[in-house]
Structure formats: C-alpha cells, structure tokens
C-alpha cells in the first residue's frame with residue numbers, strides 16, 4: 001500500500017500555495033492515502049492490454065485553422081483584475097523567483 | 001551576489017576539464033494566431049488587446065490546438081532528422097508565477113512530438129560537428145512582465161509588476177539537444193554554430209523569422225565540466241535566455257572558466273539557473289533549481305491527443321526545403337567562392353538577398369559585391385538587417401543590368417543605390433532625376449581626354465614611352481572633369497589610342 005507522509009502533504013501544499021494547519025496535514029495525509037489506495041486498485045486490473053486514458057472521448061487531432069478571431073477589448077480583459085495600471089494587470093511584488 | 005566571480009583562464013580550464021553542454025532553444029512560431037486560441041500574434045499591439053478567456057485562463061474556457069502550430073512542429077522535427085510521434089499528448093506544467101494567468105503552461109512532457117534527431121553544424125574552419133537532438137516539443141509563450149519601482153526595471157527591489165498577456169499563448173517549439181560531448185575547447189564555438197544553423201533551418205522552413213534580437217529565438221545554455229577521462233557528468237548550471245549568437249559563445253566560455261575555478265579550488269558547483277549579462281559577458285546566480293523543478297506535470301485533460309498520420313508526415317517530409325548547410329555548400333560552388341567568404345555572407349544575412357538578386361537576372365559576382373559592400377555598409381550604419389533595407393533584390397539586379405549595358409559605371413551605380421535607399425524611386429527614376437548617365441557622347445569624351453593630355457604632358461610622355469599603368473592618372477582627370485559620369489574603360493581606350501600605344 002502507498003504511504004503518503006505528512007512531509008509529502010506539506011510539500012504539495014507549498015507547491016500549490018495552500019496554507020495548511022498542522023492538524024490538517026495529518027488529516028489530508030490519511031485522506032490522500034485512501035484515494036491513492038483506491039486508484040492503485042484500478043492498476044491491478046489494468047494490464048498491458050489496457051491503454052491509459054487521458055480523455056473520455058476517443059478523439060485525436062482536433063485542430064483549429066490558423067485564423068484570427070476577435071479578442072476581448074483591453075477593458076473587458078482587465079474588468080476582473082483586482083488592480084491595474086497602464087492597461088496592464090498589476091500584481092504584488094514577486095519574490096524569490098527570477 | 002555582489003562578490004566578483006573567481007575565474008581561471010580558458011586554457012587552464014581546458015587543460016584540466018572536459019566541457020559537456022546541453023542547449024535548449026525556444027522558437028516562437030510565426031503563426032497568425034496563438035497556440036490554443038484565435039487571438040492574434042501581431043507584434044506591437046497595445047497591452048492586453050490580444051487576449052481572450054482561453055489565454056487569460058478564465059474558468060470554463062477551452063483550448064483548441066492551432067493546426068499550423070502542429071504542422072510547424074512536425075516540419076522542424078523532420079528537418080532535424082527526428083522521429084515523429086505517432087501519438088502524443090500535451091501536459092500541464094504547474095507553477096505559480098504571474099506571467100501565466102492559468103498557473104500552468106501547456107507544454108509536452110514525456111511524449112514530445114519529435115525526438116531522436118541531429119543537426120550537422122559547420123565551424124568557422126569548415127569542420128562539421130554533429131549535434132544530437134533529444135527532442136522538440138510544442139508549448140506556449142508567457143506574458144510580458146514589467147517590474148516597477150526597482151532600479152533599471154530589475155525584479156530586485158521592485159514594488160510591484162505589470163502584466164501584458166498579448167504574448168501569453170504564442171506557439172513555442174522547444175528544441176533540446178542531447179549532451180554535447182567531445183567538443184573540447186571548441187565547445188563555445190559549437191554552441192554558437194549550432195544556434196546559428198538552427199536559426200537558418202527555422203527560417204528556411206518558413207515557420208518563424210527566428211530573430212534573436214526580437215526574442216523570437218532564445219537559448220538556454222546548460223554546461224558542466226568533468227575531469228579528463230571521467231565518464232560521469234559534473235553538476236551543471238543553466239544560463240537562461242542568452243539572446244544573441246555572440247552571447248551564446250561568451251556565456252559558454254564564461255561558465256567553463258567559472259566552473260573550473262570552483263572545481264579546481266575543491267568547491268562544488270551548485271545546480272542553479274544563471275543570468276547572462278551582455279555588458280560584462282559574465283553570469284550571476286539566479287535561483288537554485290531543485291524545488292523549482294517540481295512542476296507536477298500531468299496530461300492536459302482539455303486537449304485531445306495529437307496523432308500525426310504517417311501519410312501526412314511523409315507529405316511534409318517531401319515538401320522540406322534543402323538543408324541550409326547543403327545549400328550553402330552548393331551555392332559556394334556555383335558562385336566560385338571559399339568557405340570563409342560564404343561564412344561572411346551568412347553572418348551578414350546576405351544569402352537570400354543575393355540568391356534573389358541572381359534570380360532577378362544579376363550575375364553572382366555583382367550581386368555579391370553590392371550586398372556585401374555598399375548595402376552591408378548601409379545596413380550597418382542604420383542598424384538594420386539587410387533584408388529590411390528599403391531596396392529589393394529586383395532593384396539591385398536592375399542596377400547591375402544598367403552597369404552591364406554600360407549606362408552606369410560603379411560610381412554612378414552607388415549613387416543610384418543611395419537614391420533608391422533614400423526613397424527616390426526605382427533605379428531608372430533615380431538615374432533620370434539625378435541625371436546619372438555615363439557620358440557616352442564620344443565628342444564630349446574626346447574633348448575631355450584631349451584636355452587631360454594637354455594638362456598633364458609629363459604623364460602623357462610616360463605613357464608614350466610604354467608605361468601604360470600611368471594612364472590611370474589621366475583617366476582620373478577625365479573622370480573628375482566629367483564628374484564621374486564617364487565610362488572609365490572607354491576613357492582609357494581613348495587615351496591609349498590618342499597616345500598611340502596599345503595595352504600590352
């Protein structure tokens with residue numbers, strides 16, 4: 001059986017920018033363990049002859065012709081922005097990245 | 001960060017270590033629309049005027065892949081001698097950074113559309129080096145950030161940032177080499193030659209203009225050193241966004257000297273990204289890699305797999321243009337020039353203009369002469385690419401035709417070209433308006449020749465005495481008197497005729 005550790009949950013939470021309390025880490029570790037265990041059971045029946053599914057519809061090569069379609073106006077695009085400046089989305093200081 | 005970087009000399013570094021490189025090149029495709037939506041990719045539009053719910057990552061918006069984007073990826077893969085996947089998917093690369101409003105970049109992970117290829121590149125001295133290609137995959141560009149409040153627009157010290165998402169979603173093809181081994185001291189040169197050859201290839205395919213100065217093609221240089229004789233690679237650094245051919249070479253060279261200094265003093269290389277600085281040719285530390293690499297890729301559920309049929313792939317293969325290196329070698333023979341000349345022509349971006357000028361009727365020598373002389377100079381002065389000069393190959397061909405038929409000499413032809421560049425119209429109009437015709441009126445010429453002989457009796461005597469080379473001075477006098485509008489060859493003939501000597 002897979003074992004999801006508290007540290008792994010903390011790591012995932014950090015990557016997903018989720019702030020979890022110590023008791024939540026324990027709680028989710030148990031829940032995620034259950035979910036992964038359930039999914040692992042599917043792998044038991046899916047042998048080499050069953051290809052993995054990434055999409056519910058049996059489609060391939062759905063493509064669009066390279067033709068310009070109308071965009072939103074800048075006003076529309078920015079209408080939901082919490083802050084804007086110079087017709088651009090204004091975001092807080094970006095730290096710790098390049 | 002502020003301390004200076006220790007370096008050892010390039011020669012010493014190579015004496016102890018063997019460099020291994022990996023090059024990642026991003027090419028922005030020249031499609032009309034973005035990779036997953038119909039927003040225009042036109043440059044220079046006002047901020048956030050080319051966005052839609054899909055490229056802004058609005059809930060419920062669904063992407064649909066651009067057919068030309070896929071076709072371009074297959075063409076690039078084929079031209080790089082890659083295998084083309086029979087079936088592949090897109091994947092989400094998850095990260096939090098405001099340049100992607102979706103909080104993920106749609107890319108490809110373990111199923112690239114093209115893989116296992118190579119590109120032969122030619123070094124300055126003619127040696128051919130084979131660079132193996134690991135993969136080429138499809139993805140999308142990010143938005144453009146402007147950092148406000150810090151010094152010189154840098155992120156450090158900025159109070160906030162402003163985002164324009166016009167570029168977010170523009171199709172990118174990322175081309176990744178296998179580790180480049182065995183280049184030794186020529187590693188930086190190989191890196192430069194590879195990026196240059198790739199650029200030629202991309203342009204020949206017509207899938208992008210691949211202009212590095214406009215960010216349409218960007219290179220990340222991965223580099224590590226290992227002691228001679230050791231198989232195992234050392235720890236690498238990744239220098240991001242190196243955006244000119246010269247910088248690719250300099251960045252690789254700098255990293256070799258820096259790594260060698262760290263290693264030879266007993267230190268260890270930190271796996272990190274580094275920034276290249278054009279002004280100093282040096283790199284500085286960016287972010288440490290390990291955590292940032294946790295992108296939690298998973299197959300993109302909103303897009304269906306891409307399965308290029310073998311018929312389609314073969315159709316595209318059949319339509320591929322000649323490989324640029326093979327083409328250059330063929331043209332070199334046709335034009336009767338050496339490898340070095342061809343390299344200069346390539347570096348000047350003059351191959352296509354010269355070919356087009358020859359196709360428009362000029363001879364190879366004249367076409368080369370104008371594009372590599374007068375026009376290269378003009379492009380240099382105005383800081384433009386040759387092909388952006390306001391003169392067409394057909395116009396250059398017309399000028400050479402006028403020279404061939406004797407209506408213009410070289411000096412006048414230069415003025416005609418100057419006139420065309422200045423927007424004075426077609427070559428014939430410039431000739432007309434500026435009154436630039438070779439004086440072929442024999443009467444006027446004969447008078448000028450007589451005057452030149454009479455005015456320079458000493459030189460005339462020398463010529464009579466058999467010193468034919470001295471005629472140049474008299475030709476010069478006639479050209480001056482006719483303000484350069486005489487046919488110099490005819491003038492010389494007349495002078496020799498008058499003085500009763502014939503050209504040995």
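The values are calculated or read from the model by the stated rules, or taken from the named source; none is laboratory data. Because the structure is a prediction, the values reported are computed rather than measured. Virtual Cβ from ideal backbone geometry, glycine too; neighbours counted across all protein chains shown.
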Close pairs from region B:212-236: first on the phi > 0 side of the Ramachandran plot, partner outside any strand (DSSP E or B), Cβ under 8 Å, at least 6 apart: B:215/B:243
Can you tell me which residues in region B:480-504 are under 24 Å from residue B:437 (Cα atoms), part of a loop (DSSP other than H, G, I, E, B) and touching a residue at least 24 places away in the same chain (Cβ under 8 Å)? B:482, B:484, B:485, B:487
Looking at region B:47-70, I want the residues that are closer than 20 Å to residue B:28 by Cβ and have a partner that is at pLDDT 95 or above and assigned to a helix (DSSP H, G or I) with Cβ atoms under 6 Å, at least 6 apart or on another chain. Which pairs are those? B:48/A:74; B:48/A:77; B:49/A:74; B:51/A:77
Here the qualifying pairs (Cβ atoms under 6 Å; residues six or more apart or on different chains; first in region B:426-442 and farther than 16 Å from residue B:398 by Cβ; second at pLDDT below 85 and in a loop (DSSP other than H, G, I, E, B)) come out as B:439/B:482; B:439/B:485
Please go through region B:191-208 and give me each residue that is over 16 Å from residue B:22 (Cβ atoms) and assigned to a helix (DSSP H, G or I), ordered by number. B:196, B:197, B:199, B:200, B:201, B:202, B:203, B:204, B:205
Could you please give the count of residues in region B:439-448 that are in contact with a strand residue (DSSP E or B) (Cβ under 9 Å, 6 or more places away or on another chain) and modelled with pLDDT of 75 or more? 3
Take residues that are within 14 Å of another protein chain (Cβ to nearest Cβ) and free of Cβ contacts under 8 Å to residues at least 40 places away in the same chain and tell me which of the helices (runs of 4 or more DSSP H) falling wholly in chain A contain 3 or more. A:6-15, A:74-78
Top-ranked residue in region B:314-328 [being out of contact with any helix residue (DSSP H, G or I) (no Cβ under 6 Å at 6 or more places or on another chain) and over 15 Å from residue B:119 (Cβ atoms); ranked as surrounded by the fewest Cβ atoms within 10 Å (Cβ to Cβ)]: B:318
Matching residues in region B:28-75 (more than 18 Å from residue B:89 (Cβ to Cβ) and touching a helix residue (DSSP H, G or I) at 6+ places or on another chain (Cβ under 6 Å)) number 6
Does region B:15-31 hold any residues that are farther than 16 Å from residue B:106 by Cβ and either assigned to a strand (DSSP E or B) or in contact with a strand residue (DSSP E or B) (Cβ under 7 Å, 6 or more places away or on another chain) (or both), and which are they? B:16, B:17, B:18, B:19, B:20, B:21, B:22, B:23, B:24, B:25, B:27
Hey, among the residues in region B:56-100 that are assigned to a strand (DSSP E or B) and facing chain A (nearest Cβ under 9 Å), which one's surrounded by the fewest Cβ atoms within 10 Å (Cβ to Cβ)? B:94
Filter pass, residue B:53 being modelled with pLDDT under 95, within 9 Å of chain A (Cβ to nearest Cβ) and over 30 Å from residue B:318 (Cβ atoms): no
